[in-house]
Amino acid sequence: MSAMFENQEPVTGPITLYEAIARAVKYNLDHRLKMMEDALAKKQLDLVRYDQLPELTAQAGYYSRDNFSGGTSISLLTGDVSLEPSTSQEKQITDVSGVLVWNVLDFGVSYVRAQQQSKEVLITEERRRKVVQNIVQDVRYAYWRAVSAQHLLDNMDDLLNRTYAALKDSRQLESLRLQAPIQSLSYQKALLEIIQDMWFYRRDLATAKTELAALMNLKPGIPYTVVDPSGDEPLPSPDRFGSLDTLEQRALLNRPELMEERYQEQISTLEVKKAMIEMLPGLEFNVGSLYNSNFLLFENSWTEAGASISWNLFQIFSGPANKRVAETQVELDKARRLALSMAVITQVHLAHQRYQIALSDFEVTQDLVSVEERIQKHVEAEQKAAVENELAVIQSMASSLVARMQNDLGYAEVQNSIGRILNSVGVDPLPGVSIDQDVSTLAAIIEQQLTRKSL
């Protein structure tokens, strides 16, 4: 439990939208996981680069036997012994060597693998960017739902308390037989339906702040409030993001999924190159310094160098097949990128359409709230002491409250539609910015990035 929430800046006041995004980007555990995967890929790249270095082998050994190693020789012409038995080796020998070996073929293959791993590093970075963009969109929607909850939950509770009180009074009147049974039951049914509706709407709003807290990685149960800037911000203009052609071009350039597919295609292209290199003969160079303690040797230390060439002849048959497989993979990557590009363009159009629809729906809910509030004022003004009028007042309050909730959620949907557009074109809230800064600095950078006029 302590590991999940350690080293986090405490919440010291109401949280703004951009502070919520900054906290989510900085502390969200899913983002932390992607950052660790990115760091691991970079370390693996460093490891692969070492494969390009020559092989340097240091060796030392000790040799001992209980008698001398020796021999004689015979003439190949007569078969007679031509030398008496002799030796050129001591009983105990120590030898030391250091040999540097460099294989040109292995170097070429390792170089291509290093290039592929560098693309893998870029892929993990794009996946991290996508996680950040999804977090930003989720935080934006959860934030505005939390604002709505902060607006309405207290009013809902007041209305529920008033409705429960009216229900209690009606049941007392029914038990005292001061009203006709059918009249009391109809009245109670109407009140229970209002209670049921309020609990339905309350359930939808009550989880909003918990969801936002989870995105910011705040410990569940910690109380906090959110800033409501909706009254200070003008209604977004439909043409804020420019033409659809501009949005399409930005999406094709910026979307992390498309960038990942580009890098994957480059990896496959390098695989073709690697398959071609592996069909070549291997050229190996070696140079070394050696020492032997045997005093019978004319020279006890020397330097040697050599070169050799080798060729796996089976690569003549398997190499072309590997090359064809790699080329097919390149074509597959191209086809997948084109299919994904089509999906991305479709998402841009859908996000833009939902944005227009959300704006129109929000304008209607604004008018509805105004009408419901005026109706409620008239009903309250006409209320008399008779208990029958209490139902009309409660119904009017419930209708007004529902309209306000729909208005708030409509505005949240407008903001969510903005987030969808930003996400669909791949806007990066922290381009090249380290998250090791404090929350307020990150919030200022994110606000500047997400509120600029040009995407």
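The values are calculated or read from the model by the stated rules, or taken from the named source; none is laboratory data. Because the structure is predicted, anything quoted here is derived from the model rather than measured. Positions of Cβ are backbone-derived with ideal geometry, glycine not excepted, and every protein chain shown enters the neighbour counts.
Give me the pairs, please: first residue somewhere in segment 286-301 and more than 17 Å from residue 92 (Cα to Cα), second residue anywhere and of a type in the set (Lys, Arg) and surrounded by 13 or more Cβ atoms within 10 Å (Cβ to Cβ), beta-carbon distance under 8 Å, and either six or more positions apart or on two chains.
none
From the residues in segment 187-207 that are among the hydroxyl-bearing types (Ser, Thr, Tyr) and modelled with pLDDT of 80 or more, which one is surrounded by the most Cβ atoms within 10 Å (Cβ to Cβ)?
My answer is 201.
Here are some residues: 122, 100. Which one is at pLDDT 85 or above and closer than 19 Å to residue 292 by Cα? Explain how you work it out, then say what you get.
Numbers: 122 fails: closer than 19 Å to residue 292 by Cα.
Answer to the selection: 100.
Starting from residues that are under 17 Å from residue 351 (Cα atoms) and hydrophobic (A, V, I, L, M, F, W, C), keep the ones in segment 392-431 and report whichever is surrounded by the most Cβ atoms within 10 Å (Cβ to Cβ).
Filtering first and then ranking leaves 425.
State all residues of segment 320-336 that are more than 16 Å from residue 270 (Cβ to Cβ) and surrounded by 13 or more Cβ atoms within 10 Å (Cβ to Cβ); if no residue qualifies, say none.
Across segment 320-336, the qualifying residues are 320, 336.
Mind listing whichever residues of segment 183-222 are within 14 Å of residue 171 (Cβ to Cβ), in contact with a helix residue (DSSP H, G or I) (Cβ under 8 Å, 6 or more places away or on another chain) and without any contact (Cβ under 8 Å) to a residue 24 or more places away in the chain?
Residues satisfying the conditions are 184, 185, 188.
Please state which of the following conditions residue 351 fails to meet, knowing it meets all the rest: (1) exposed (fewer than 15 other Cβ atoms within 10 Å of the Cβ); (2) under 29 Å from residue 429 (Cα atoms); (3) in contact (Cβ under 8 Å) with a residue 40 or more places away in the chain; (4) small (Gly, Ala, Ser).
It is condition (1) that residue 351 fails.
Among the residues of segment 208-221, write down those that are surrounded by 14 or more Cβ atoms within 10 Å (Cβ to Cβ) and not small (Gly, Ala, Ser).
209, 210, 211, 212, 215, 216, 217, 218
From the residues in segment 1-41 that are at pLDDT below 75 and basic (Lys, Arg), which one is surrounded by the fewest Cβ atoms within 10 Å (Cβ to Cβ)?
32
I need every pair where a residue in segment 121-134 that is in contact (Cβ under 8 Å) with a residue 60 or more places away in the chain has its Cβ under 6 Å from the Cβ of a residue that is assigned to a helix (DSSP H, G or I) and among the aromatic types (Phe, Trp, Tyr), sequence separation at least 6 or different chains.
As it stands, the answer is 122/263; 123/263, since those pairs meet every condition given.
From 427, 402, grab the single residue that is in contact with a Leu (Cβ under 7 Å, 6 or more places away or on another chain) and either part of a helix (DSSP H, G or I) or more than 30 Å from residue 195 (Cα to Cα) (or both).
The unique qualifying residue is 427.
Mind checking which pairs have a first residue in segment 262-274 that is under 13 Å from residue 117 (Cα atoms) and a second that is of a type in the set (Lys, Arg) and crowded, with 18+ Cβ neighbours inside 10 Å, Cβ under 6 Å, 6 or more apart or different chains?
Pairs found: 263/119; 266/119; 267/119.
If we scan segment 264-283, do we find a residue that is surrounded by 15 or more Cβ atoms within 10 Å (Cβ to Cβ), touching a Pro at 6+ places or on another chain (Cβ under 8 Å), farther than 25 Å from residue 354 by Cβ and modelled with pLDDT under 85?
yes
Is one or more of the residues making up segment 300-311 surrounded by fewer than 17 Cβ atoms within 10 Å (Cβ to Cβ), at pLDDT below 85 and either outside any strand (DSSP E or B) or out of contact with any His (no Cβ under 9 Å at 6 or more places or on another chain) (or both)?
Residues of segment 300-311 surrounded by fewer than 17 Cβ atoms within 10 Å (Cβ to Cβ): 300-311.
From what's left, at pLDDT below 85: 310-311.
The next check asks that each one be either outside any strand (DSSP E or B) or out of contact with any His (no Cβ under 9 Å at 6 or more places or on another chain) (or both); those that pass are 310-311.
Within segment 300-311, one or more residues are surrounded by fewer than 17 Cβ atoms within 10 Å (Cβ to Cβ), at pLDDT below 85 and either outside any strand (DSSP E or B) or out of contact with any His (no Cβ under 9 Å at 6 or more places or on another chain) (or both).
In segment 375-426, which residue that is modelled with pLDDT under 80 and among the basic types (Lys, Arg) is farthest from residue 140 (Cα to Cα)?
384
Restricting attention to segment 50-81, which residues are at pLDDT 75 or above, surrounded by 11 or more Cβ atoms within 10 Å (Cβ to Cβ) and either more than 30 Å from residue 93 (Cβ to Cβ) or among the aromatic types (Phe, Trp, Tyr) (or both)?
63, 68
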